[in-house]
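Report on the following structure.
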Amino acid sequence: MERRKLIDIVLVILAVVFVSATTLAAFYYAPLEPVDVLTVVEHESDYTGDDVRVKGVVHDLSGQDLSLWDISSPDPGITINVTYSGEGDLSTLASDGDTVYVVGRYDPDDGFSAKEVEIADDPDEPAGWTSPYSAKIFYFHVPAAWTSFLAFGVVLGCSIAYLLKGGQKWDIWALSSAEVGLMFNTVAVISGALWAKAEWGYYWDWNDAKLFSTFVLWLIFIAYVAIRSGAVRHESIPRVAAIFGVLGFAAVPISFISSRIWTSLHPNVVASSTGHLSSEAGTVLMLGVLAFTFVYATLFSRRTAIERSVMEIQDLKEKLEEEE
């Protein structure tokens, strides 16, 4: 018992330290943009001759130069540094926070040179509160999603072990991990919706493969927890839940690869050929993953202890009822 308490204390300390470090690093160390790659030249649908037309939000205008927070690409959220070479004073054409269309040319050596800058007026397209600072959500959204995948992986392993070996331990571990994983999955869904509002102008799109598959994953493990918690003392319930947990895990890889094989606005900047993270962003992201993993380990440890206590109380209650 003392050893378990010591482990729990260590896990709590590590979780608090790493979550605090991630929060501070995300706001004071990481760059404003999580994506350190220019993909303007990949906007094939916006090509007009040799010119590229990009829609974005101005977040830093100085003289004839501006930084544009791109919202028109398949992987939105990219900062483009633009030099205005057209007629007139740039400050009279746009200001910080404006959503604009920029037409110009991209050169790998000279960067992006714009000959036209005009305020976007598109009532049919929703306007978001896009800001470079909205990208800070990235450092919490990705770790939350990763941790939910980890937790559901534990459910898979424990469910298989229960089906092969039996034993209350595997059942308790599977249930505990599913509940904690569902919590992290909910955090990922909510933070993703907030980020979508910032970058795309709307919270949700049912036609987006990534969003839809993640929502299905969320529903599957809500159903798992409901099945497993519905009748704790019925002998068949843990086995049914274990089978459901094994089958339900199939939604995890589908959710992960959905934006890579189907149409999706969801960016693939962590593991893809079209994007990569700067060293600072990568460091903060890994710090966030460690932080959320320690939080998962802490909650998982406490949840299993609670479930064991519940089982012991129920066993004791049944014995007292039999004696009466």
| Answer residue from the range 147-173, given it is open to solvent by 40 Å² or more (accessible area, probe 1.4 Å) and among the aromatic types (Phe, Trp, Tyr) and is nearest to GLY248 (Cα to Cα) among those | PHE149
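Of all residues being surrounded by fewer than 16 Cβ atoms within 10 Å (Cβ to Cβ) and in contact (Cβ under 8 Å) with a residue 24 or more places away in the chain in the range 307-317, which is farthest from ARG4 (Cα to Cα)? Just the residue, please. Steps first, please.
Residues of the range 307-317 that are surrounded by fewer than 16 Cβ atoms within 10 Å (Cβ to Cβ), as a first pass: 308-317.
In the following step, the residues that additionally are in contact (Cβ under 8 Å) with a residue 24 or more places away in the chain were identified as 308, 310-311, 314.
On the way: ARG308: 13, VAL310: 17, MET311: 18, GLN314: 22 Å.
Applying the filter and picking the extreme gives GLN314.
Do we find a residue being modelled with pLDDT of 75 or more, over 31 Å from the mean Cα position of the chain (by Cα), farther than 30 Å from ALA26 by Cβ and among the hydroxyl-bearing types (Ser, Thr, Tyr) anywhere in the range 154-162?
First, the residues of the range 154-162 that are modelled with pLDDT of 75 or more: 154-162.
Going one step further and asking which of them are over 31 Å from the mean Cα position of the chain (by Cα), we end up with none.
No - not one qualifying residue is present in the range 154-162.
Working carefully through the options VAL240, VAL180, find the one that is open to solvent by 30 Å² or more (accessible area, probe 1.4 Å), of a type in the set (A, V, I, L, M), at pLDDT 80 or above and part of a helix (DSSP H, G or I). Let's see the steps before the verdict.
Working: VAL180 fails: open to solvent by 30 Å² or more (accessible area, probe 1.4 Å).
VAL240 is the lone residue from the list that is open to solvent by 30 Å² or more (accessible area, probe 1.4 Å), of a type in the set (A, V, I, L, M), at pLDDT 80 or above and part of a helix (DSSP H, G or I).
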| field | Condition met for LEU211 (part of a helix (DSSP H, G or I) and surrounded by fewer than 21 Cβ atoms within 10 Å (Cβ to Cβ)) | value | no
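Has the range 284-297 got any residue that is in the same structural domain as VAL189 (by TED's automatic domain parsing), touching a Leu at 6+ places or on another chain (Cβ under 6 Å) and at pLDDT below 90? Explain how you work it out, then say what you get.
Taking the range 284-297 first, the residues in the same structural domain as VAL189 (by TED's automatic domain parsing) are 284-297.
The next check asks that each one be touching a Leu at 6+ places or on another chain (Cβ under 6 Å); those that pass are 294, 297.
From the residues that got through so far, the ones that are at pLDDT below 90 too are none.
No, the range 284-297 has no match at all.
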| message | If I filter the range 220-236 for residues that are touching a Pro at 6+ places or on another chain (Cβ under 9 Å) and either open to solvent by 50 Å² or more (accessible area, probe 1.4 Å) or not aliphatic (A, V, I, L, M) (or both), do I get at least one hit? | response | yes
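The values are calculated or read from the model by the stated rules, or taken from the named source; none is laboratory data. This structure is a prediction, so every number in the text was calculated from the model and none was measured. Neighbour counts are summed over all protein chains in view; Cβ atoms, including those assigned to glycine, are modelled from backbone coordinates with ideal geometry. Each accessible area value is taken on the protein alone, full model and side chains, heavy atoms only, with ligands, DNA and RNA left out. Shrake-Rupley method; radii C 1.70, N 1.55, O 1.52, S 1.80 Å.
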